[in-house]
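**Student:** Before we start, here is the structure in question, set down as structure tokens.
The values are calculated or read from the model by the stated rules, or taken from the named source; none is laboratory data. Please read these numbers as outputs of a predicted model, since none were measured by experiment. Cβ placement follows ideal geometry from the backbone for every residue including glycine, while neighbour counts extend to all protein chains displayed.
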Amino acid sequence: MTDLKVEKDIVASVHYTGTHPDSGEVFDSSEGREPLSFLVGHGQMIPGFEEEILGAAVGEKREFLLTADRAYGPRDDAAVMEIPRSQFAELEKEAMLEAGMQLVAQMPHGPSPFTITVLTDDAVTADFNHTLAGKSLNFAVEIVELRSANEDEKSHGHAHGSDGSIQH
């Protein structure tokens, strides 16, 4: 089992730190938390992340830069829309809206996160792009554990517990 490498249908557990290449600012990290576990080859991760760690063994560390097309994709101007502020009346009874605030809209296809970019008396400008869309990202990744996925995980398309059992 010690000769496993990152490949399709392997559950990979990794520690990672993601930074912005221009500023070095950390946007996400597993430091101080449990490693991130995912089923390789089932679309759980951004494409470039998986591609860059393919073939890695336990204990291996890799650093790489992902351009936007291999990360969260380009920004889509059509994903920015003005919504009448009246639609936020219930929410505004409980919280004050501010530019930069992140909220989740319930859409027909499911929950859709967005960021408020502009607020006027009449409208809320909502940006449904991922906050990292259009950006290149640096990652430092260490492979902590690898194991073969079980049949349940393969059919469900995601990793279960550390031993493959379903978590309740």
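**Student:** Looking at Pro84, Pro47, which is the one that is more than 18 Å from Pro113 (Cβ to Cβ) and under 15 Å from the mean Cα position of the chain (by Cα)?
**Tutor:** Of Pro84, Pro47, the one residue that is more than 18 Å from Pro113 (Cβ to Cβ) and under 15 Å from the mean Cα position of the chain (by Cα) is Pro47.
**Student:** Another question, if that's okay. What's the number of the only condition in (1) modelled with pLDDT of 90 or more; (2) in the same structural domain as Thr17 (by TED's automatic domain parsing); (3) over 22 Å from Pro47 (Cβ atoms) that Glu151 fails to meet?
**Tutor:** (1)
**Student:** Are any residues in segment 18-40 surrounded by 12 or more Cβ atoms within 10 Å (Cβ to Cβ) and either under 22 Å from Ala68 (Cβ atoms) or among the β-branched types (Val, Ile, Thr) (or both), and if so, which ones?
**Tutor:** Gly18, Thr19, His20, Pro21, Val26, Phe27, Asp28, Ser29, Leu36, Phe38, Val40
**Student:** Show the residue pairs that are 6+ apart or on different chains and have beta-carbon atoms under 7 Å apart, the first residue being within segment 93-113 and on the phi < 0 side of the Ramachandran plot, the second being assigned to a helix (DSSP H, G or I).
**Tutor:** Pairs found: Leu97/Phe88.
**Student:** Can I ask one more? Within segment 1-60, track down each residue that is aliphatic (A, V, I, L, M) and either farther than 17 Å from Ser148 by Cβ or assigned to a strand (DSSP E or B) (or both).
**Tutor:** Ile10, Val11, Ala12, Val14, Val26, Leu36, Leu39, Met45, Ile46
**Student:** For segment 128-144, name all the residues that are at pLDDT 95 or above, out of contact with any helix residue (DSSP H, G or I) (no Cβ under 7 Å at 6 or more places or on another chain) and not aliphatic (A, V, I, L, M).
**Tutor:** Asn138, Glu142
**Student:** I'm checking my understanding of the structure. Among residues of segment 1-17 that are out of contact with any helix residue (DSSP H, G or I) (no Cβ under 9 Å at 6 or more places or on another chain) and surrounded by 14 or more Cβ atoms within 10 Å (Cβ to Cβ), which one is farthest from Tyr72 (Cα to Cα)?
**Tutor:** Leu4
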